[in-house]
Ligand code: HEM
């Protein structure tokens, strides 16, 4: 009897799911038919490119339809909101890590769990948040910034989006515990509690993300170089478009080695012949990895420099101080960032000559960084009046954080200093200054600027946004300062415990982490509550100043 | 409505995803049978060399030995908790691989691929690691020649009082070198056989007695020291 009841329950549940699925399919297919008819009446043979040409000149708002259309702005919105989702997930992991360090001996998280959460935090933050928001803003803003003539690579971009998302999910599912470097032989071994048994899944996930990144780079580079409107010359293209171009070139140039290395590592799971511990090839993996590993930390920074250049003039009321030096600085960053990967390996025994080369190359990074920072300062210096809106506050905080993060970076590229601070929280502090101040902060600034457009003209709550800014800025400052000072005294990073001597630094960092966490909750609440209000402003924004000329000249794959 | 629930929907998705992701990631992991979870600091390590030959697996002793009294496909014995590094050397220009499954017969549904396909050029050498974790009887075989190249592995409980290592339990694996068996019997655990000579860890007294020292200390000391400090070679 009970069996029949269970069967009955199952069949009812299945039928309900079927009905819902059928309804969704009905909506989808009837709209597709309508679209196809409409396209035909406009002489298009391909409904998708008709849709893209129609949407190209319009603003796009965030709603579920972004998952159905493949125009650049829809793709951009998908990336923006998905990466924001991953920011919250990875941020929760980060705060979990932080609060688990309340006492010197591992208590809240077991060492294994700590390693897993650490790996997840770093991998998701870099590939899903930083890369994702970079790509999302590029897709969303570029069509307007360079007034694209055609937008016909949408299916590729959509494919890239889905495998990027699936790759991120695979990484979480793998519960990998190797930190984001995936160094063999650690990546090939398991821990005794079984973490790391599915590392191969993370490798597949990463490869999928890499394929997605390559597709995106090619689409975006093509968009900038070939699909620009004739009226936008390279010489006066917006600095943001330049920065995205540099970023994408950087990604294409540097991702190859690590894709190959990960492929070989994947093979090693089944037949360990490449990166075996008995050979020196383990060091080879680190070299292949960091050849990409250094550029990946610049990829989420360069476009945000470009965004600062784009947003700052609105709040200062004048032009960017020097256009050409801005572009030159960002371009120089591209070149130099390909030459410094060895500074991640200064203590791995490559030898003094190598260390000195990479140390010197790293010092050179000061030049483009200083060009950029002084350009910002000069722009603000010559401004008639600076409006301290939330985005502008994020920008100023980002510049300050970049200066601190940059100085700590220069210090640690000295071979001698590096020997002391490598593997300590100093390094963690250094890059959290930049990742939280520049990448995350400027992304938030852009999000606030675009919020009225995303939400069809709703204003965000200024007061809550101010709190979000203050808590994020102050919290990350406290956390990173505690880390750098503690690290300089020798507090080792990436361990689920510490010597009691470091208690004050850890406690301060926990305080900072909690403050950041509260700030992000306010941010989330602000998004939800402001979106519920009625539209109260128009949907234009400063990052898409004028919409492209009417698309009489539209040429697309379908026409 | 005008899409005003978008933010709420996003916030709900965020909260749910955080709960699911955090819960999933820190939940205890099921240990999968088939994944090669090699512990970083195994209790014991062992190196075993096998010559791949379509007629049957050979040990260094058997290889090239036409004496029919010496059987092929040696029975291998390991203490539970040993990470075994298998070295397979190609001899007959035919493709081979090395699979291990739990039980007395080959099991294609659940096996470890210790060494995948090897390059069929005589002399080429492949290594693969296998973790002898749970006591029991295992079968090792070559998937290309499953009826001829098949043998048994015994994984013995770690606390068994008998001296449980290859040299003692399976005479077939006695090394070619100059070590006297009497000396090897006195070893407590972890005898490592590598390319025909045995390296002995944890017991330098035994080493001093070993006549292999006559070969010149420099040659034998290096691998022995590495094993003693836990580095696998
Ligand atoms: C929400 C605020 C954040 C918090 C509370 C946070 C917290 C942490 C903590 C506690 C660690 C581990 C430190 C250690 O044990 O060595 C860590 C490492 C790391 N975080 Fe964050 N973080 C935040 C934001 C970010 C962002 C925005 C990024 C990048 C875009 C990022 C990237 C990384 C990386 C790459 C590591 C290094 C992982 C490793 O050493 O393997 N974090 N973070």
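The table that follows gives values for the structure above.
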read-out: Residues satisfying the stated conditions in the stretch B:25-42, i.e. within 7 Å of another protein chain (Cβ to nearest Cβ), out of contact with any strand residue (DSSP E or B) (no Cβ under 6 Å at 6 or more places or on another chain) and modelled with pLDDT of 70 or more; value: B:25, B:26, B:39, B:40
read-out: Matching residues in the stretch A:82-117 - criterion: being more than 18 Å from residue A:507 (Cα to Cα) and modelled with pLDDT under 95; value: A:110, A:111, A:112, A:113, A:115, A:116, A:117
read-out: Residues located in the stretch A:150-188, provided they are within 14 Å of chain B (Cβ to nearest Cβ) and in a helix (DSSP H, G or I); value: A:165, A:168, A:169, A:170, A:171, A:172, A:173, A:174, A:186, A:187, A:188
read-out: Extreme residue, farthest from the chain's Cα centre (by Cα), among residues of the stretch A:32-54 that are assigned to a helix (DSSP H, G or I) and touching a residue at least 24 places away in the same chain (Cβ under 8 Å); value: A:39
read-out: Of all residues making up the stretch A:73-110, the number that are more than 9 Å from chain B (Cβ to nearest Cβ), away from the ligand (no atom under 12 Å from the Cβ) and either within 30 Å of residue A:219 (Cβ to Cβ) or buried (at least 20 other Cβ atoms within 10 Å of the Cβ) (or both); value: 9
read-out: Close pairs (7 angstrom Cβ cut-off, 6 or more residues apart or separate chains): over 30 Å from residue A:523 (Cα atoms) in the stretch A:91-114, more than 12 Å from the ligand (Cβ to nearest atom) and part of a loop (DSSP other than H, G, I, E, B) anywhere; value: A:104/A:499; A:112/A:191; A:112/A:193; A:112/A:195
read-out: Test for residue A:264: is it more than 16 Å from the ligand (Cβ to nearest atom), part of a helix (DSSP H, G or I), surrounded by fewer than 21 Cβ atoms within 10 Å (Cβ to Cβ) and within 14 Å of chain B (Cβ to nearest Cβ); value: yes
read-out: Output for the stretch A:447-467, where each listed residue is closer than 22 Å to residue A:82 by Cβ and away from every other protein chain (no Cβ under 14 Å); value: A:449
read-out: Qualifying residue in the stretch A:528-544 (condition: within 11 Å of the ligand (Cβ to nearest atom), surrounded by 22 or more Cβ atoms within 10 Å (Cβ to Cβ) and at pLDDT 90 or above); value: no
read-out: Evaluation of residue A:235 against (1) part of a helix (DSSP H, G or I); (2) modelled with pLDDT under 95; (3) crowded, with 19+ Cβ neighbours inside 10 Å (one fails), failing number; value: (3)
read-out: For residue A:397: the one exception among (1) outside any helix (DSSP H, G or I); (2) closer than 30 Å to residue A:85 by Cα; (3) within 16 Å of the ligand (Cβ to nearest atom); value: (1)
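Residue by residue, here is whether (1) part of a helix (DSSP H, G or I); (2) away from the ligand (no atom under 11 Å from the Cβ); (3) in contact (Cβ under 8 Å) with a residue 40 or more places away in the chain holds:
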| position | (1), (2), (3) |
| --- | --- |
| A:408 | yes, yes, yes |
| A:416 | yes, yes, no |
| A:431 | yes, no, yes |
| A:442 | yes, yes, yes |
| A:457 | no, yes, yes |
| A:463 | yes, yes, no |
| A:474 | yes, yes, yes |
| A:477 | yes, yes, yes |
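The values are calculated or read from the model by the stated rules, or taken from the named source; none is laboratory data. As the structure is a computational prediction, the values presented were derived from the model and not from experiment. All Cβ positions, even for glycine, are placed from backbone atoms using ideal geometry, and neighbour counts span all protein chains on display.
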